[in-house]
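Enquirer: First the structure, which I've put down as structure tokens, then a few questions once you've had a look.
The values are calculated or read from the model by the stated rules, or taken from the named source; none is laboratory data. Remember, it's a predicted structure, so these values are computed and weren't measured experimentally. We place every Cβ from the backbone using ideal geometry, glycine too, and count neighbours over all the protein chains shown. With ligands, DNA and RNA removed, areas are computed over all heavy atoms of the protein, side chains included. Shrake-Rupley method; radii C 1.70, N 1.55, O 1.52, S 1.80 Å.
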Amino acid sequence: MPTAAETVEKVVSGDIRSVARLIREIDDGVPAVRDVLKALYPHTGTAYVVGITGAPGVGKSTLVDQMISHLRAKDKTVGVLAVDPTSPFSGGAILGDRVRMQRHSMDDGVFIRSMATRGHFGGLTQSTRSAIDVLDAMGKDYVIVETVGVGQDEVDVVRSAHTTVICVIPGMGDDIQAIKAGILEVGDIFLINKADREGSDKTMSDLRLMIDMDQKKYEDGTWKPPILKAEAVFDRGVDELIEEIVRHAEYLRSVYGDLRFRARKDKVREELAEMVKARLLDTVVGRIIASGEFDAAVDGIVRGQVDPYTASDDLVLPKIVVPDDE
Amino acid sequence: MVAKPGLDGHDRGARIIARAFRDAGFEVVYSGLHQTPEEIVQGAIQEDVDLIGLSSLAGAHMYLFPAVVEGLKERNASDIMVIGGGIIPEEDIPKLKSAGIREVFTPGSPLEVIVTWVQNNVPSKGA
């Protein structure tokens, strides 16, 4: 087992095996990984993180594949994290995003990694955030995170991006309604893929309307999400997307003065809250489950001996020290 | 990782295998068609997989399968185990095994047998 310092040195030098192993350990929640991440932290902060999200089948992987080509043509190195859902029935997953990106597999300037959402307690955001740090520390100029935009977890993942691209296709009337209910707010750029299909103008005007309803928000010069059309599979519209991402980066720089994610109080607050939560879950919940108290409480509730409110109080309260004056 | 090396466009079998493993609780990376051995090695390393399952129905397995094993060796990744499956003549199997392919499954192998073999023979580096 290499020491944290050795791992950090290898990751920073771009050693593929060490990077791959570290991401696996992050995903598996290996405790020793925290020391590595602590030591790796000073090497992070230079990558520009782009989130791509949208419903299944809108062409996210194909789009990411084209973005890689365009960024590589500008001599930028690229890391990709492709997040796919875990089957809730078996706990397994088929991670197929590489299929669309296979032409980049021999390019040393590109690192593609699949991740399954797994079932862990809201830990997806944290493990993805840590994996972004690893790709950042290995020196990638851009890190693209691709998720299926269906659940809160996935939305939270793209919140750790500098620029979030929401991908839709024509004819997704009701799905756009669904976007409105929570994903719209995180979109910095909207992209209508497969724009050669019928209904792309309608989709465009639907999106425009939704964004314009927030007109007040943009009056003081805040970023107003552009809506682009693309046919990623034919490499149409991808250049424009990259241009808008760069424009958004300039906007962020002008507002915050610094592109580092951790130089922004709002982002840090979000992240730290997540980390504190995860740490509490790890330690307190882990201990409760390991001690068998949790299963005992489940049995108690099933047998009707106790109600779930009392049971959860009994499980948690003895584990935390509450000051007298509360 | 389930991978299709070489010029072989038939991936029904590979997809069924991928699904069977997912249903048994594995995380399966599917590589897609027409991969060179080098691409498979590179992908397996980036994904840090425990096992590569190669599928070939086009007769080039005697070249392609050992090439993956060699590629892993060159990249210092021999801890990633390789198994194979597909249309593979009986007499080729011992040769493949001596080239480092740990097991070969031919048509008719029940999915449970393959999954159980992997569960019993592949130690997860993660656990």
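Enquirer: With a cut-off of 8 Å between alpha carbons and a minimum separation of six or more residues, what is the relative contact order of the stretch A:45-261 in percent?
Expert: Reported as a whole number, the value is 26 percent.
Enquirer: Let me ask something additional. Amide H to amide H, which residues 5 or more places from A:Gly54 or on other chains are under 5 Å from it, using H placed in the peptide plane?
Expert: A:Thr147, A:Gly149, A:Cys167
Enquirer: Right, here's the next one. What distance in nm lies between label points placed 7 Å from Cα along the C-beta direction at A:Glu185 and A:Lys76?
Expert: 2.8
Enquirer: If R₀ is 30 angstrom, what is the calculated FRET efficiency for the pair B:Lys97 and B:Arg15, using the beta carbon separation as r and rounding to 0.05?
Expert: Once rounded, the FRET efficiency stands at 0.75.
Enquirer: Next up: I'd like the FRET efficiency for B:Ile87 and A:Arg103, computed as 1/(1 + (r/R0)^6) with the beta carbon distance as r and R0 of 22 Å, rounded to 0.05.
Expert: The formula returns an efficiency of 0.20 here.
Enquirer: Answer with one residue from B:Gly9, B:Ser98, B:Ser109: the one whose Cα lies farthest towards the positive end of the charge dipole of chain B, charges on Cβ with Lys, Arg +1 and Asp, Glu -1.
Expert: B:Ser109
Enquirer: Turning to a different aspect of this structure: Kirkwood Rh over alpha-carbon pairs of the stretch A:186-326, then Stokes-Einstein at 10 °C and 1.306 mPa s: what D in µm² s⁻¹, rounded to an integer?
Expert: Stokes-Einstein gives a translational diffusion coefficient of 78 µm²/s.
Enquirer: In addition: Averaged per residue, what accessible area in Å² does the protein assembly as shown show with a 1.4 Å probe, protein chains only?
Expert: On a per-residue basis, 48 Å².
Enquirer: Provide A:Tyr218, A:Tyr309 ordered by accessible surface of protein heavy atoms (probe 1.4 Å), highest first.
Expert: Ranked list, largest accessible area first: A:Tyr309, A:Tyr218.
Enquirer: What part of the accessible area of the protein assembly as shown, given as a whole %, is carbon or sulfur when the probe is 1.4 angstrom?
Expert: 54
Enquirer: Can you pull the accessible area of A:Ile289 for me, 1.4 Å probe, Å² to the nearest 10?
Expert: 80
Enquirer: Return the sequence-ordered ³J(HN,Hα) values of the stretch A:58-73 in whole Hz as given by the Karplus equation 6.51 cos²θ - 1.76 cosθ + 1.60 applied to θ = phi - 60°, using x for Gly and Pro.
Expert: Values per residue, Gly and Pro as x: 7, x, 4, 5, 5, 4, 4, 4, 5, 4, 4, 4, 5, 5, 5, 5 Hz.
Enquirer: Helix-derived [θ] at 222 nm for the protein assembly as shown: sum -39500 (n - 2.57) over DSSP H runs of at least 4, divide by residue count, nearest 500?
Expert: My calculation for the protein assembly as shown gives -14000 deg cm²/dmol from helical runs alone.
Enquirer: Another question, if that's okay. Can you spot the lysines whose alpha carbon is less than 18 Å from A:Lys76's alpha carbon? Ignore those fewer than 8 places along the same chain.
Expert: A:Lys140
Enquirer: Considering all projection directions equally, how large on average is the shadow of the alpha-carbon convex hull of the stretch A:45-261, in square nanometres?
Expert: 12.0
Enquirer: Here is a follow-up. Note down the nm distance, to one decimal, between modelled labels 7 Å out along Cα→Cβ at A:Glu9 and at A:Ser312.
Expert: 4.8
Enquirer: So what is log10(I(q)/I(0)) for the protein assembly as shown at q = 0.14 1/Å, when the Debye sum runs over its Cα atoms only?
Expert: -1.36
Enquirer: Please list the non-local residues whose amide H lies under 5 Å from the amide H of A:Tyr48, H modeled 1.01 Å from N, same-chain partners needing a gap of 5 or more.
Expert: Here the answer is A:Tyr142, A:Val143, since their amide H atoms fall under 5 Å of that of A:Tyr48.
Enquirer: Dipole of the stretch A:40-123, Cα-centred, from +1 at each Lys and Arg C-beta and -1 at each Asp and Glu C-beta, to the nearest 20 debye?
Expert: Magnitude of the dipole: close to 60 debye.
Enquirer: Then there is this: For the stretch A:130-147, in order, what is each residue's ³J(HN,Hα) by Karplus, 6.51 cos²θ - 1.76 cosθ + 1.60 with θ = phi - 60°, in whole Hz (x at glycine and Pro)?
Expert: 5, 5, 4, 4, 5, 5, 4, 5, 6, x, 5, 6, 10, 10, 9, 10, 10, 9
Enquirer: Could you tell me how far the Cα centroid of the stretch A:201-267 sits from the Cα centroid of the stretch A:21-54, in Å?
Expert: If we compute the Cα centre of each part, the gap is 26 Å.
Enquirer: Here's a follow-up. Can you list the HN-Hα couplings for the stretch A:9-17, worked out from phi with the Karplus curve (6.51, -1.76, 1.60; θ = phi - 60°), rounded to whole Hz and with x for Gly and Pro?
Expert: Calculated HN-Hα couplings, in order: 4, 5, 4, 5, 7, x, 5, 4, 4 Hz.
Enquirer: Taking springs between alpha-carbon atoms closer than 10 angstrom, which of A:Val36, A:Val255, A:Val110 fluctuates most in the Gaussian network model of chain A?
Expert: Judging by the Gaussian network model, the answer is A:Val255.
Enquirer: Pick from A:Pro85, A:Pro42, A:Pro56 the residue whose mean-square fluctuation is largest in a GNM of chain A, springs joining Cα atoms under 10 Å.
Expert: Judging by the Gaussian network model, the answer is A:Pro42.
Enquirer: Moving to a separate point now. With 5 Å bins from zero, work out the P(r) of the stretch A:272-319 over every alpha carbon pair and list the percent per bin.
Expert: P(r) over the stretch A:272-319, rounded to whole percents: 5, 22, 25, 21, 15, 8, 3, 1.
Enquirer: Can you find, among A:Ala195, A:His104, A:Thr3, the residue farthest towards the positive end of the dipole of the protein assembly as shown? Put +1 on the C-beta of Lys and Arg, -1 on that of Asp and Glu.
Expert: A:His104
Enquirer: About its Cα centre, what dipole magnitude does the stretch A:1-141 give when the only charges are +1 on Lys and Arg Cβ and -1 on Asp and Glu Cβ, stated in debye to the nearest 20?
Expert: About 280 debye.
Enquirer: A further question on this structure: R0 = 41 Å: FRET efficiency of A:Thr46 with B:His34, Cβ-based, nearest 0.05?
Expert: Taking R0 as 41 Å, the efficiency between A:Thr46 and B:His34 is 0.70.
Enquirer: Rank A:Met275, A:Gly304, A:Ile288 by how far each Cα sits towards the positive end of the charge dipole of the stretch A:272-319 (+1 on Lys, Arg Cβ; -1 on Asp, Glu Cβ) and give me just the farthest.
Expert: Checked the options; the winner is A:Met275.
Enquirer: Can you list the residues of the stretch A:182-204 with backbone N under 11 Å from a point 7 Å past the Cα of A:Lys217, pointing along Cα to Cβ?
Expert: The answer is A:182-189, whose backbone nitrogens lie closer than 11 Å to the label point.
Enquirer: What residues have an amide H closer than 5 Å to that of A:Ala116, excluding those fewer than 5 places away on the same chain, when H is modeled at 1.01 Å from N in the peptide plane?
Expert: A:Asp84
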